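Input: a single structure, listed below in structure tokens.
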Amino acid sequence: MRIPKAIQQVIESFERLPGVGPKTAQRLTFYLLHVPQGELDRFANAVSTLKSNTVMCSICFCVDETDPCSICSDDKRDHSLVCVVEQPLDVLALEKSGKYHGIYHVLHGKIDPLNNIGPDEIYIRQLFDRVKQPDSVIREIILATNPTMEGEATAMYISRQLRNDDGDLIITRIGRGLPTGADLEYADPTTLERAMEGRSNY
């Protein structure tokens, strides 16, 4: 059976998404064929306006509707506490716990030499610049990169650089609750709360 071109194009589009294999792409595509046209139009519109209706925060580099983002512009948050994460999804995961009231810094990646990703390819320098600002109120940096080999290397690099620049800054690492190799994105709120509470000097 020859697959219609319109269907094949959607299948190929889904296959480009991370974690989506050929069979999953086919299932999703044929599912959409049975969705009412109005719902399909809303889905297509949501995807087409995804980038145009969002911006990257110029302070923490998270994604929001405004710049600065809703967290950075919230006076009720503790701006002396900065949690460093790899991706915007990690911010969402930590916010779901409801126990963290500081602000964030999103790296948009991790140091990964095997894939030619060094400190200059992610938003590490911008973190150092935030700490060095004359009017900075930052007193603690929480390193919440994922407990993978690359995540640990990233945390270690940041810690060493910050200690060289500012000896008075408190640098901690999220601790108990997160198994080695796990991603923040998939952790439940209770686990994240325990990890945040169990952070240690780094």
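Of the residues THR49, THR24, THR54, THR29, which single one is in contact with a Ser or Thr (Cβ under 9 Å, 6 or more places away or on another chain), free of Cβ contacts under 8 Å to residues at least 60 places away in the same chain and not hydrophobic (A, V, I, L, M, F, W, C)?
Details: THR49 fails: in contact with a Ser or Thr (Cβ under 9 Å, 6 or more places away or on another chain); THR24 fails: in contact with a Ser or Thr (Cβ under 9 Å, 6 or more places away or on another chain); THR54 fails: in contact with a Ser or Thr (Cβ under 9 Å, 6 or more places away or on another chain).
So the residue among THR49, THR24, THR54, THR29 that is in contact with a Ser or Thr (Cβ under 9 Å, 6 or more places away or on another chain), free of Cβ contacts under 8 Å to residues at least 60 places away in the same chain and not hydrophobic (A, V, I, L, M, F, W, C) is THR29.
May I ask you to list the residues in segment 93-108 that are within 8 Å of the chain's Cα centre (by Cα) and either of a type outside the set (A, V, I, L, M) or more than 12 Å from CYS60 (Cα to Cα) (or both)?
HIS108, the sole residue that qualifies.
Kindly list the number of the only condition in (1) closer than 30 Å to ILE158 by Cα; (2) in a loop (DSSP other than H, G, I, E, B) that fails for LEU89.
Among (1) closer than 30 Å to ILE158 by Cα; (2) in a loop (DSSP other than H, G, I, E, B), the lone unmet condition for LEU89 is (2).
Are any of the residues in segment 27-35 within 25 Å of TYR123 (Cα to Cα) and surrounded by 11 or more Cβ atoms within 10 Å (Cβ to Cβ)?
Taking every residue of segment 27-35 in turn, none turns out to be within 25 Å of TYR123 (Cα to Cα) and surrounded by 11 or more Cβ atoms within 10 Å (Cβ to Cβ).
For segment 1-52, how many residues are basic (Lys, Arg) and not in a helix (DSSP H, G or I)? Explain how you work it out, then say what you get.
First, the residues of segment 1-52 that are basic (Lys, Arg): 2, 5, 16, 23, 27, 42, 51.
Going one step further and asking which of them are not in a helix (DSSP H, G or I), we end up with 2, 16, 51.
So the count comes out to 3.
LEU81 - would you say it is part of a strand (DSSP E or B) and surrounded by 12 or more Cβ atoms within 10 Å (Cβ to Cβ)? Outline the logic, then answer.
Details: part of a strand (DSSP E or B): yes; surrounded by 12 or more Cβ atoms within 10 Å (Cβ to Cβ): yes.
It is true that LEU81 is part of a strand (DSSP E or B) and surrounded by 12 or more Cβ atoms within 10 Å (Cβ to Cβ).
I'm trying to understand the selection: among the residues of segment 137-154, which are in a helix (DSSP H, G or I) and not hydroxyl-bearing (Ser, Thr, Tyr)? Steps first, please.
Residues of segment 137-154 in a helix (DSSP H, G or I): 149-154.
Once the filter is applied, which keeps residues that are in a helix (DSSP H, G or I) and not hydroxyl-bearing (Ser, Thr, Tyr), segment 137-154 yields MET149, GLU150, GLY151, GLU152, ALA153.
From the set of residues in segment 62-98 that are free of Cβ contacts under 8 Å to residues at least 60 places away in the same chain and β-branched (Val, Ile, Thr), which is nearest to ALA195 (Cα to Cα)?
VAL91
Restricting to segment 102-136, name every residue that is at pLDDT 95 or above, in a loop (DSSP other than H, G, I, E, B) and either of a type in the set (Phe, Trp, Tyr) or under 24 Å from ASP74 (Cα atoms) (or both).
Scanning segment 102-136 gives LEU107, HIS108, TYR123, ILE124.
Can you spot a residue in segment 149-165 that is within 14 Å of PHE61 (Cβ to Cβ) and touching a residue at least 24 places away in the same chain (Cβ under 8 Å)? Spell out how you get there, then give the answer.
Of all residues in segment 149-165, those within 14 Å of PHE61 (Cβ to Cβ) come to none.
So far as segment 149-165 goes, no, none of its residues is within 14 Å of PHE61 (Cβ to Cβ) and touching a residue at least 24 places away in the same chain (Cβ under 8 Å).
The values are calculated or read from the model by the stated rules, or taken from the named source; none is laboratory data. Just so it is clear, the structure is predicted and the values come from calculations on it, not from any experiment. Don't worry about glycine lacking a Cβ; one is built from the backbone with ideal geometry, like all the others, and counts go over all protein chains shown.
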